[in-house]
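A short worksheet on the structure shown next.
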Amino acid sequence: MNNQRNKYILLFTLIAAVFTSCKNQWDSHDTITDPALGVTVLQQINNNADLSKFSQYLAQTGYDKVIAGSKTFTVWAPTNAAITAALTIDATIATDTGKLKRFVGNHISYQLYPTSLPQPSVRVKMLNGKSITFTKTKFEDANIVLSNIYSSNGLLHTIDQAIIPKLNIWDYIKSLTTVGAKQRAYLLSQNYLHQDTTRAKQIGVDALTGRPIYDPTSAIDTLNYYISSTQNIKSEDKQFTYFVLTDAAFDAETNKVLPYFATAVPQSSTLLANYNVTKDLAIPGLITLNNLPDTIISPFNVKVPINKANIVQTYNASNGIVYVISSVPYRLKDKITPIVIQGESTIGFSRSDKAGNILYRTKLDNNGVPFSDIFIETNGTGTLTALFSALYFVPNMNSVSYKVYWRAINDRAVAFSQQLNFGTSTAATFPYTLVPLLNYSETLIGTYTVTQYGSQFMFLTGANNTTSGTNSLSLDYVKLIPVLP
């Protein structure tokens, strides 16, 4: 019995020893044993003789104090040979304080970026505000020589090529002096000044309105109408493909569309035509020359024809790529496009007391296809007034003749007529047109000529009858098709 009891005591002793051993190992499993983790990323750089030039530039620009701090950094440090090669491209980097600071800052970012992170690539925001493409093996065009050297406050990679900061697309356009000068002049003409009241200095309060009064010289930013209405080609957060037209190409495309932007002021017409030409030249995403197709669909759903043989200059920007091109022969029908006004998109009515007569419907047509429309009927909660009108706003009508179609669905028992007018409800642009029963086809109403580019009001007006049901109105949509050569 004693022998058996001794066996159990021995067994429990062994088990306790194993648990104690495991606990000791677990307690120490995350203990820092790598001596490198006891030094900063700056010390890692200073201890590497092949990074002595970069170390020197860190001290000259004050970035040594930055990366010695408590924040987390990733540094892609170019070797001495890489920096020497960069100086043969631009020797002023070493002598121009501003350039040198932008150069050094182009190799440092906040946060940790190990080579395991890119899948397959990631855009990294650098301390100088630029963004760089980082992959498992490359930093922009540089090869990563040594990777993932950890320190107490970050991570160090060494690279075989120094990355000189590039202009972004907007700054490159501003730098053009000969090729693309006319496009540059138009784009810069769209600059305007804006005061950011969140940053502006308040100097008083308006006694009448109680609103703050700001120093008129405080927090003034230069913004640009073209950028705000197309793509933000100043942003480093995304990449773009941008086309700059040579002056001859810019003039050719502007003159092609100019007749369709007639206004009372010729300069305004030219600016409108310039915008029509250039709005489709900013394409989201970077498309390299090898992958450039013969047609690109712009964000405005316009086909942009591209012949690579016409590209006369290429610039790799910090936020994409720029192609200077001698011809982009847009098709006129892709630039001067149809206008569709949906029936349910009204902005008002001739009377405000007939809401019970107005139906916004979603139904199936004769082919089982759903559609949405407006139907305003005489027999509702009250009799519909004769000559009742629905009002619409039609923006950006080109100076051109339009063929005008409507689709108006009458699924009631009584046929009725209605009238379409531009300008005023009594303009009599078109005669009253019958809306027959169960007709789901487009109906040609007539041709309307716009003499000056701009926006207009459109009225859909009912008949002036006393017979029940014959003053009703119906509209799925109105379609304006420009008549082009």
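The values are calculated or read from the model by the stated rules, or taken from the named source; none is laboratory data. Only a predicted model underlies this, so the values are computations on that prediction, with no experimental measurement involved. Glycine also receives a Cβ, built like all others from the backbone with ideal geometry; neighbour counts cover every protein chain displayed.
Residues that are assigned by TED's automatic domain parsing to the domain that holds F459, among the basic types (K, R) and out of contact with any strand residue (DSSP E or B) (no Cβ under 8 Å at 6 or more places or on another chain) occur in segment 343-355; there is at least one. In segment 219-234, what count of residues is obtained for those that are part of a loop (DSSP other than H, G, I, E, B), free of Cβ contacts under 8 Å to residues at least 40 places away in the same chain and hydroxyl-bearing (S, T, Y)? Looking only at that region, the number is 0.
Among the candidates N143, N106, N148, the residue that is touching a Lys or Arg at 6+ places or on another chain (Cβ under 8 Å) and either in the same structural domain as L286 (by TED's automatic domain parsing) or modelled with pLDDT of 95 or more (or both) is uniquely N106. Residues in segment 175-218 that are charged (D, E, K, R) and part of a helix (DSSP H, G or I) were compared, and the one that is nearest to A252 (Cα to Cα) is K182.
Residues in segment 285-310 that are farther than 29 Å from Y453 by Cα and under 14 Å from the mean Cα position of the chain (by Cα): G285, L286. As a summary of the residue check, G368 satisfies the conditions (1) over 35 Å from the mean Cα position of the chain (by Cα); (2) surrounded by 14 or more Cβ atoms within 10 Å (Cβ to Cβ); (3) farther than 15 Å from S474 by Cβ except for the one numbered (2). All but one of (1) touching a residue at least 60 places away in the same chain (Cβ under 8 Å); (2) closer than 21 Å to A355 by Cα; (3) not acidic (D, E) hold for Q419; which doesn't? With (1) touching a residue at least 60 places away in the same chain (Cβ under 8 Å); (2) closer than 21 Å to A355 by Cα; (3) not acidic (D, E) applied to Q419, the lone miss is (1).
Scanning segment 279-315 for residues that are in a strand (DSSP E or B), within 21 Å of K256 (Cβ to Cβ) and either at pLDDT below 95 or not polar (S, T, N, Q) (or both) gives A282, I283, I296, I297, K303, V304, P305, I311, V312.
The criterion of at least 1 residues that are modelled with pLDDT of 95 or more, in contact with a Leu (Cβ under 9 Å, 6 or more places away or on another chain) and β-branched (V, I, T) is met by the following strands (runs of 3 or more DSSP E) wholly inside segment 316-377: 320-325, 339-342, 370-376.
The number of residues in segment 235-277 being over 30 Å from V122 (Cα atoms) and in a strand (DSSP E or B) comes to 1. Applying the criterion of being β-branched (V, I, T) and modelled with pLDDT of 95 or more to the residues of segment 159-178, the residue that is farthest from S229 (Cα to Cα) is I159.
Would you confirm, using the coordinates I've provided, whether K308 is surrounded by fewer than 15 Cβ atoms within 10 Å (Cβ to Cβ), among the basic types (K, R) and under 30 Å from I163 (Cα atoms)?
Yes: the conditions hold for K308.
Answer with yes or no whether Y402 is in contact (Cβ under 8 Å) with a residue 12 or more places away in the chain, among the aromatic types (F, W, Y), assigned by TED's automatic domain parsing to the domain that holds S345 and under 23 Å from P259 (Cα atoms). Against the criterion (in contact (Cβ under 8 Å) with a residue 12 or more places away in the chain, among the aromatic types (F, W, Y), assigned by TED's automatic domain parsing to the domain that holds S345 and under 23 Å from P259 (Cα atoms)), Y402 qualifies.
Being within 26 Å of L272 (Cβ to Cβ) and either acidic (D, E) or not assigned by TED's automatic domain parsing to the domain that holds L272 (or both) is true for just one of T449, T443, T426. Which residue is that?
T449
The C-beta contact set for segment 266-278 (first residue in the same structural domain as Y242 (by TED's automatic domain parsing), second residue among the aromatic types (F, W, Y) and surrounded by fewer than 22 Cβ atoms within 10 Å (Cβ to Cβ), distance under 6 angstrom, 6+ apart or interchain) comprises N274/Y186.
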